[in-house]
Amino acid sequence: MQIDLSAQYRRTRELEKKSYDDELPDDTFHIDNIGAHSGGIMPHQFTIHASA
Amino acid sequence: MKENFPLNLGSDAPMVRFSKVTKCYGELTVLDSLDLDVQQNEIVSIIGPSGSGKTTVLRMLMTLEEINDGVIYVDGQPLTHMPKNNELIKANEAHLRKMRNNIGMVFQHFNLFPHMTALGNCMEAPMHVLGMSRTEALARSEELLEMVGLADKIHEHPARLSGGQQQRVAIARALAMRPKILLFDEVTSALDPEVIGEVLNVIRSLASEHSLTMLMVTHQMGFAREISDRICFFYEGKIAEEGAPQQIFENPQNERTRQFLSAVLDAN
Amino acid sequence: MQHYLEYLQAYGGRFVDGTLVTIQQTLLAALLAIFVAALFGMMRLSEKWLIRGTSIVYIEFFRGTSLLVQLYWIFFVLPLLGVTFDKFTAGFVAVGLNLGAYGAELVRGSIEAVPKGQYEACHALNMSYYKRMRRIILPQALLLMLPPWGNLLIELLKGTALVSLISVTDLMFEAKQINGTTYLSAESFGTALIIYYLMARVVVSPGMRAFERYWGKKMGRI
């Protein structure tokens, strides 16, 4: 099937312009180094001791 | 601060320009003062032995990796830097987000969102990044999924799809953002041999698109030769040789290129 | 047996009252713990050292010192500094803050366990930090952290027994009171033991497992 990709393309550029005009960057709070150890520690490997 | 780098490249700029780009991991220099231009609508394949820095090229362009030196330009504008007081300074997150919309990427391991259906994967970014309405995002995603031959799988989660199907969803998902540049990072390397063809067919169908520049790292030499306008052979962080597919595959000038090609083509 | 039935007839009502207070303490402490865990768990991953540092200090302090001492601090020492809680509030706040610190590590661990490729996909689709976390990372992290949270909530339930020491009239407090007047230690503490066990094994564990199944289905796990 042939779809009109260029229509999508134009529409995207239009939206892009709009979305960046009214959106502030919100990446000031940023997680770093994530996944540097993907497949590393799994949460159930933490031991829990609620000490009294 | 960057001296001797233009603030922008003017109107007849290439779609992508790497200008003296250097990337190091600690002591190891992965890319050494790389210069590379990719023209609009051009399809460039990057080949080379592993560890030659070819995937790093794509990851830097996707801004998944920072560069240590040089400037990358996209569509004439600096990507890794931004102009301030007539100088280029390191790009901030706002600039990166604006520029990143020009670029999409398809990964070796698909990286689909497992908790969303094929349709949900495709609709996610148009709705939540571009702010598109649900109706429009749905229509676009259905079109794209049909284009990649998955009209009957749109409501399936990734876990129920084969590798080839997942990779086709990933291509549709990247296309849904209508990037100007689409990066393919060894997209068939994690696939079983019998489904590689269906993914290559989808990429082939995109090659005739007039608003898409493609940059791919691949081990599929036959495919690279068939589809590319240009082949770049990377060796030890540099482009050892580049040229039209026919020239590279039939008449390589560089000794390294010859060795690499004979090793790879023998193995096939 | 006859004897125990008579005992229950006489004191059952007080055990019920105490159990209700324990349930309230557990629910409120759990809500606080979940909130605190989510907050400090995510702060723990910030690249801003001040935010990350605050979280580390919090987690280290509450995990590194005794819950009972923390409880006494909140109830007896903070009033000297001008912050006064009634005993009921002091009870669940201490338990919630303490277990929340353990929960923060679960939150951090499970966020880190979401494969790197998911972050890269979000990045390539140009999603903002907030969208990426809320729509992609946290739903997957939640699935990973639910089993250990089941354990943590049982610890929390059992931890609430300590609030009896600042005379919150919970299940443990009632058991001690009844024991004090009747000297029937086996019956008093035995009954408390059974009720705690049932709450943990009949309510909390199956409840968490049901939630895990529900969320797993929602996440497309087959």
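Things worth noting here:
- Boolean, C:L97 is modelled with pLDDT of 95 or more, more than 30 Å from B:K180 (Cα to Cα) and either crowded, with 20+ Cβ neighbours inside 10 Å or among the β-branched types (V, I, T) (or both): yes
- Test result for C:I59, buried (at least 22 other Cβ atoms within 10 Å of the Cβ) and within 18 Å of the chain's Cα centre (by Cα): yes
- For beta carbons closer than 9 Å, sequence separation of 6+ or different chains, a first residue in the stretch B:87-101 that is free of Cβ contacts under 8 Å to residues at least 40 places away in the same chain and a second that is among the aromatic types (F, W, Y), the qualifying pairs are B:E93/C:Y129; B:A94/A:Y20; B:R97/A:Y20; B:K98/A:Y20.
- Filter result (surrounded by fewer than 13 Cβ atoms within 10 Å (Cβ to Cβ), β-branched (V, I, T) and modelled with pLDDT under 95) within the stretch C:173-195: C:T181
Table: residues versus (1) under 17 Å from B:K54 (Cα atoms); (2) in contact with a Leu (Cβ under 7 Å, 6 or more places away or on another chain); (3) at pLDDT 90 or above; (4) more than 14 Å from chain C (Cβ to nearest Cβ).
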{"residue": "B:R168", "(1), (2), (3), (4)": "no, yes, yes, yes"}
{"residue": "B:I171", "(1), (2), (3), (4)": "no, no, yes, no"}
{"residue": "B:M177", "(1), (2), (3), (4)": "no, yes, yes, no"}
{"residue": "B:I196", "(1), (2), (3), (4)": "no, no, yes, yes"}
{"residue": "B:L200", "(1), (2), (3), (4)": "no, no, yes, yes"}
{"residue": "B:L212", "(1), (2), (3), (4)": "no, yes, yes, yes"}
{"residue": "B:R230", "(1), (2), (3), (4)": "yes, no, yes, yes"}
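- Yes/no for B:G164 being among the small types (G, A, S) and at negative phi: yes
- Failed item, numbered, when C:T169 is tested on (1) closer than 28 Å to C:A104 by Cβ; (2) touching a residue at least 12 places away in the same chain (Cβ under 8 Å); (3) not in a helix (DSSP H, G or I): (1)
- Selection status of B:L144, crowded, with 17+ Cβ neighbours inside 10 Å, part of a helix (DSSP H, G or I), more than 9 Å from chain C (Cβ to nearest Cβ) and within 20 Å of the chain's Cα centre (by Cα): yes
- Only one of the numbered conditions (1) away from chain A (no Cβ under 12 Å); (2) part of a helix (DSSP H, G or I); (3) closer than 29 Å to C:S167 by Cα is violated by C:R135, and that is (3).
- Checking each residue of the stretch C:179-187 against the condition of being among the acidic types (D, E) and under 30 Å from C:E60 (Cβ atoms) gives no match.
- Qualifying residues in the stretch C:151-165 (those that are in contact with a Phe, Trp or Tyr (Cβ under 9 Å, 6 or more places away or on another chain) and of a type in the set (G, A, S)) - the one farthest from the other protein chains (Cβ to nearest Cβ): C:S164
- When the stretch C:210-222 is filtered for residues that are within 14 Å of another protein chain (Cβ to nearest Cβ), exposed (fewer than 14 other Cβ atoms within 10 Å of the Cβ) and modelled with pLDDT of 90 or more, only C:Y214 remains.
- If you filter the stretch B:89-120 down to residues that are under 19 Å from the mean Cα position of the chain (by Cα) and among the polar types (S, T, N, Q), you find that the one that is nearest to B:A159 (Cα to Cα) is B:N111.
- From the options B:A159, B:A207, B:A151, residue that is in contact with a helix residue (DSSP H, G or I) (Cβ under 8 Å, 6 or more places away or on another chain), surrounded by fewer than 19 Cβ atoms within 10 Å (Cβ to Cβ), in contact (Cβ under 8 Å) with a residue 12 or more places away in the chain and over 13 Å from B:V106 (Cα atoms): B:A207
- Looking across the stretch C:36-50, not a single residue is among the β-branched types (V, I, T) and at pLDDT below 95.
- Set side by side, the residues B:A174, B:A151 differ, and just one is touching a strand residue (DSSP E or B) at 6+ places or on another chain (Cβ under 9 Å) and under 30 Å from C:G216 (Cβ atoms), which is B:A174.
Yes/no per residue for (1) in contact with a helix residue (DSSP H, G or I) (Cβ under 9 Å, 6 or more places away or on another chain); (2) β-branched (V, I, T); (3) farther than 18 Å from C:W215 by Cα:
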{"site": "C:S128", "(1), (2), (3)": "yes, no, yes"}
{"site": "C:P139", "(1), (2), (3)": "yes, no, no"}
{"site": "C:W149", "(1), (2), (3)": "yes, no, no"}
{"site": "C:L156", "(1), (2), (3)": "yes, no, yes"}
{"site": "C:A186", "(1), (2), (3)": "no, no, yes"}
{"site": "C:I194", "(1), (2), (3)": "no, yes, yes"}
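- Residue match in the stretch B:94-111 (condition: away from chain C (no Cβ under 11 Å) and part of a helix (DSSP H, G or I)): yes
- Selection within the stretch C:61-75 - touching a residue at least 40 places away in the same chain (Cβ under 8 Å) and away from chain A (no Cβ under 14 Å): C:F75
- Tally, over the stretch C:127-145, of residues that are farther than 16 Å from C:E112 by Cβ and not aromatic (F, W, Y): 5
- Of the helices (runs of 4 or more DSSP H) lying entirely inside the stretch C:30-132, those carrying at least 1 residues that are basic (K, R) are C:49-64, C:87-113, C:116-124.
- Filtering the stretch C:110-128 for residues that are in contact with a Pro (Cβ under 8 Å, 6 or more places away or on another chain), crowded, with 19+ Cβ neighbours inside 10 Å and within 10 Å of chain A (Cβ to nearest Cβ) leaves a non-empty set.
- Restricting attention to the stretch C:77-117, the residues that are out of contact with any strand residue (DSSP E or B) (no Cβ under 8 Å at 6 or more places or on another chain) and in contact (Cβ under 8 Å) with a residue 24 or more places away in the chain total 26.
- Members of the stretch B:112-141 found to be under 22 Å from B:M214 (Cβ atoms), facing another protein chain (nearest Cβ under 7 Å) and among the small types (G, A, S), listed by number: B:A125
The values are calculated or read from the model by the stated rules, or taken from the named source; none is laboratory data. Because the structure is a prediction, the values reported are computed rather than measured. We place every Cβ from the backbone using ideal geometry, glycine too, and count neighbours over all the protein chains shown.
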